[in-house]
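K.L.:
Before I ask anything, here is the structure I am working with.
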2 protein chains.
Amino acid sequence: MSVLACPIPFAADEFILLGHGSGGRLSAKLMEDVFLPAFRNPALERMDDQAVFNVPAGRVAMSTDTYVVKPMFFPGGNLGELAVYGTVNDLAVGGATPRYLSAGFVLEEGLSLETLKQLVNSMAAAARRCGVEIVTGDTKVVEKGSGDGVFINTTGVGFVPEGVSYSAANVRPGDRIVLNGSLGEHGITILAQREGLELGGDLRSDAAPLHEPCAAVMKAAPRLHAMRDLTRGGLSSALNEIARSARVGIEIEERAIPICDQVRGACELFGLDPLYVANEGKMITFVPEEEAQAAVAAMQANELGRQARIIGVVTERHPRMVVLRTTLGTERIVDMLAQDQLPRIC
Amino acid sequence: MSVLACPIPFAADEFILLGHGSGGRLSAKLMEDVFLPAFRNPALERMDDQAVFNVPAGRVAMSTDTYVVKPMFFPGGNLGELAVYGTVNDLAVGGATPRYLSAGFVLEEGLSLETLKQLVNSMAAAARRCGVEIVTGDTKVVEKGSGDGVFINTTGVGFVPEGVSYSAANVRPGDRIVLNGSLGEHGITILAQREGLELGGDLRSDAAPLHEPCAAVMKAAPRLHAMRDLTRGGLSSALNEIARSARVGIEIEERAIPICDQVRGACELFGLDPLYVANEGKMITFVPEEEAQAAVAAMQANELGRQARIIGVVTERHPRMVVLRTTLGTERIVDMLAQDQLPRIC
């Protein structure tokens, strides 16, 4: 096969061809037919190679993630939605108000155009829900077998309010750890989809944007030290990273951690620990003791934090170590896994 | 094969495993061994899920590109370098001073760690050359056969100086078009590599950062209307996009356009038109007539613009159309191709 792409214009209305990533007329058509109608905004419509927007003097947060979740559609969400919420959440837990996103697509030759449209429309709806604009983008196409449907990178920019400076490194002994809801629903939903499992009930991914719970808790607990969303590696990875970064110990109560029956059942079936399973709409907040109840109340007032509660405390004992007090009253170390149990979860 | 990843820690020092993208200990090790030593800066070292930096009040430019060039290493550059220069160039031609980059990696399981290190070290060197910092990143790993070595997304942020507002839409009849050098070297280098061709001489990709030529021409021609780098689709695609965006006609002189012998020869061999072949260190500037000579002189004073010259003019005739006056004295329309002749050029 020659490296010179053959022109196959007749299929270009239904399937992605290499030419859709070439910068020629097919690329322009993809922009006009798929991306512009969904994402429409003045910065994008300039059609230059960069978006330009106004910023106030101050601090800006920037975060990037590439989303490769498999399958691309699952109960409770899809790759496109996840690509918006995930990056919005990484900005929001940094205390930033998410504002602008870029979107970089890597499409596999032969992808159905209908699938791409569904993902793009989901991204647009997710962006509206989060109050962000997708202002610049890029599309590359790789040969069939050199990719896997669609990979989406989103990079986000948000504004950090004056006086706000959260970081894992700020966490202090005595901080209470507030979790906004039950663990493992995204990871187990993906696992069940891949394995063709029927888990009963209506288990679905918890994929959701966290900018509102973040804003609510920031208002209610102005002295909070850090927030973190719980994605790859689940609660345990986030806690271990923070324990290392702040050089503190962390103690959590198994009894306090909400986990729904289907997740618990699936974890038993597969020998998984729900503390390590991925989430896409869960977060922890580290708050000084005197503001902890206010933080919980603020979370609970939000739809995405109804089950919010204090699940643990930061301690000077056993620095860099996360310890779980089990329902049996014993203690065990919750270490960071060498690798997650489930690849391509996000 | 189960979806549950097996732990294969023994190979993790030499090859990328699915676990390197999992957010667990292997991910942390990749960060500590590969990314941090190369990119080291305060924003990245905070190890939070977002970088935070100060901005002055004003306008910010943002640009994104995913790089999937094949092969990953080629004469004159590699994927890592391209991923930095490409995004720096998209910011620079917008009149922005590039400052911060994010880097999102999609790695294919089984990739050699040595290859990744080479690319990452090239990115770090390229970033230093451009005066930008890689402040936040993400790594995903996909199964063998679901990717192709390495894909890199970079998204850049830069500051636009007060009073600067360039856009294709600003281009006006009478503008002179300044090109900074000879066409097609990147595309033909990649083609020769893929086909195992020996073209003679020392043909190499023109991959280079354009922030200095951009700054120089901005100073010399303060009333310039637009700049554009010539990547996928080459000179012709850039000109056609601008003709449409500004609703103007464009006329270029074949005689004025520098093309080296090897590129000319290879184009004849493959039936390619050099006007459509990709570049990674070439740009055009649209300047009012009275500033055109100053723009050329400023370009020529820069190492990346020694061959700079005026190659054409913007006209009210034939709006949205690009016309080439050939060396034979005839005219032909330079249309936008349906698709580029070469996939995965950047």
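The values are calculated or read from the model by the stated rules, or taken from the named source; none is laboratory data. Please read all numbers here as calculations on a predicted model, not as lab measurements. A quick note on method: Cβ atoms are made from the backbone with ideal geometry, for glycine too, and the neighbour counts reach across all protein chains shown. Accessible surface areas use protein heavy atoms only, side chains included; no ligands, DNA or RNA. Shrake-Rupley method; radii C 1.70, N 1.55, O 1.52, S 1.80 Å.
K.L.:
Step through the table entries A:LYS144/B:LYS140; A:LYS70/B:LYS282; B:LYS117/B:LYS140; A:LYS140/B:LYS282; B:LYS219/B:LYS282; A:LYS117/A:LYS140, compare each Cα-Cα distance with 27 Å, and write down the pairs that go over it.
P.N.:
A:LYS70/B:LYS282
K.L.:
Then there's this: Grab every C-alpha pair in region B:146-260, bin the distances at 10 angstrom width from 0 up to the longest one, and report whole percents.
P.N.:
10, 33, 35, 18, 4
K.L.:
Kindly provide the pair-distance distribution of chain B built from C-alpha pairs, with 10 Å bins from 0 and whole-percent values in order of increasing distance.
P.N.:
6, 24, 30, 23, 12, 4, 1
K.L.:
Okay, moving on. Would you mind listing how long region A:18-160 runs along its three principal axes, going by Cα atoms, in whole Å with the largest first?
P.N.:
Result, largest extent first: 44, 35, 23 Å.
K.L.:
Two decimals is fine: what is log10 I(q)/I(0) at q = 0.14, 0.18, 0.19 Å⁻¹ for region B:168-333, from a Debye sum with one equal scatterer on every Cα and no solvent?
P.N.:
With no solvent term, the Cα-only Debye profile gives -0.68, -1.10, -1.20.
K.L.:
Here's another thing I want to ask about it. What distance in nm lies between label points placed 7 Å from Cα along the C-beta direction at B:GLN293 and A:GLU289?
P.N.:
7.9
K.L.:
Projected onto the charge dipole of chain B (+1 at Lys/Arg Cβ, -1 at Asp/Glu Cβ, origin at the Cα centre), which of B:VAL263, B:GLN50, B:GLN300 gives the Cα projection farthest towards the positive end?
P.N.:
B:GLN300
K.L.:
To continue, here is another question. Which distance in nm do the two modelled labels at A:LEU199 and A:SER112 give, with both placed 7 Å along the Cα-to-Cβ direction?
P.N.:
2.6
K.L.:
Compute the relative contact order of region B:18-160 as a whole-number percentage, counting only Cα pairs closer than 8 Å that sit 6 or more residues apart in sequence.
P.N.:
Once normalised by length, the contact order is 39 percent.
K.L.:
If you don't mind, another one. Could you work out the mean count of beta carbons from other protein chains within 10 Å of each residue's beta carbon in B:133-142?
P.N.:
Across the residues of B:133-142, the mean count of other-chain Cβ atoms within 10 Å is 5.
K.L.:
Only four residue types carry charge here, +1 at the Cβ of Lys and Arg and -1 at the Cβ of Asp and Glu. Report the dipole size of chain A about the Cα centre in Debye, rounded to the nearest 20.
P.N.:
Charge dipole, chain A, about its Cα centre: 680 debye, nearest 20.
K.L.:
Additional query: Using only Cα atoms, locate the centre of region A:187-255 and the centre of region B:20-69, then give the distance between them in Å, rounded to an integer.
P.N.:
21
K.L.:
Given charges of +1 on the Cβ of Lys and Arg and -1 on the Cβ of Asp and Glu, with all other atoms neutral, how large is the dipole of the protein assembly as shown about its Cα centre, in debye to the nearest 20?
P.N.:
Computed about the Cα centre, the dipole is about 1100 debye.
K.L.:
When only alpha-carbon atoms count, how far does the protein assembly as shown stretch along each of its three principal axes, as whole angstroms with the largest first?
P.N.:
Over the protein assembly as shown, Cα extents along the principal axes are 90, 51, 41 Å.
K.L.:
Using a 7 Å offset from the Cα along the Cα-to-Cβ direction at both B:ALA125 and A:LYS144, what is the distance between the two label points in nm, to one decimal?
P.N.:
Simple spin-label model gives 3.9 nm for this pair.
K.L.:
Counting only DSSP beta bridges with both residues in the protein assembly as shown, tell me the antiparallel percent, nearest 5. It would help to have the intermediate numbers written out before the result.
P.N.:
Values: 92 of 118 bridges.
The antiparallel fraction comes to roughly 80 percent.
K.L.:
Which of A:GLY184, A:THR315, A:CYS214 sits farthest toward the positive end of the charge dipole of region A:168-333, with +1 on the Cβ of Lys and Arg and -1 on the Cβ of Asp and Glu?
P.N.:
A:THR315
K.L.:
Taking a label point 7 Å out from Cα toward Cβ, give me the nm distances from B:ALA125 to the same spot in the other copies, shortest first, one decimal.
P.N.:
When each copy's label point is compared with this one, the spacings are 4.8 nm.
K.L.:
Taking a point 7 Å out from Cα toward Cβ as the label site, list the nm distances between B:GLY58 and the same residue in every other copy, smallest first.
P.N.:
Output for B:GLY58: 1.9 nm, nearest copy listed first.
K.L.:
So the label point sits 7 Å from Cα along the Cα-to-Cβ vector; using that for A:ASP33, what distances do you get to the other copies, in nanometres, sorted shortest first?
P.N.:
4.6
K.L.:
How large is the dipole of region A:18-160 about the Cα centre if only Lys and Arg carry +1 and Asp and Glu carry -1, each at its Cβ, rounded to the nearest 20 debye? Walk me through the numbers before you get to the answer.
P.N.:
Working: 12 positive and 15 negative charges, 65 e Å.
That gives region A:18-160 a dipole magnitude of about 320 debye.
K.L.:
Ok, one more. Of the residues A:THR155, A:THR97, A:THR64, which exhibits the maximal mean-square fluctuation in a Gaussian network model of chain A defined by a 10 Å Cα contact cut-off?
P.N.:
So, out of A:THR155, A:THR97, A:THR64, the one fluctuating most is A:THR64.
K.L.:
For the interface of A with B, what's the total buried accessible surface in square angstrom, probe 1.4 angstrom, rounded to the nearest hundred?
P.N.:
Summing both chains' loss of accessible area gives about 7000 Å².
K.L.:
Something else now. If contacts are Cα pairs under 8 angstrom and at least 6 residues apart, what is the relative contact order of chain B in percent?
P.N.:
On the way: 776 pairs, mean separation 74.7, N = 346.
Rounded, it is 22 percent for chain B.
K.L.:
I'd like the mean, over residues of A:33-40, of how many other protein chain beta carbons sit within 10 Å of each residue's own Cβ.
P.N.:
Averaged over the peptide's residues, the number is 0.
K.L.:
Give, as ranges by residue number, the residues of region A:129-172 whose backbone N falls under 20 Å from the point 7 Å along Cα→Cβ of A:ARG320.
P.N.:
Residues passing the 20 Å test: A:168-172.
K.L.:
Whole number please: convex hull volume per residue, Cα atoms of region B:246-346, in Å³.
P.N.:
136
K.L.:
Would you compute, from DSSP H runs of 4+ residues alone, the mean residue ellipticity of the protein assembly as shown at 222 nm, taking -39500 (n - 2.57) per run and dividing by the full residue count, rounded to the nearest 500?
P.N.:
So the helix-based figure for the protein assembly as shown works out to -8500 deg cm²/dmol.
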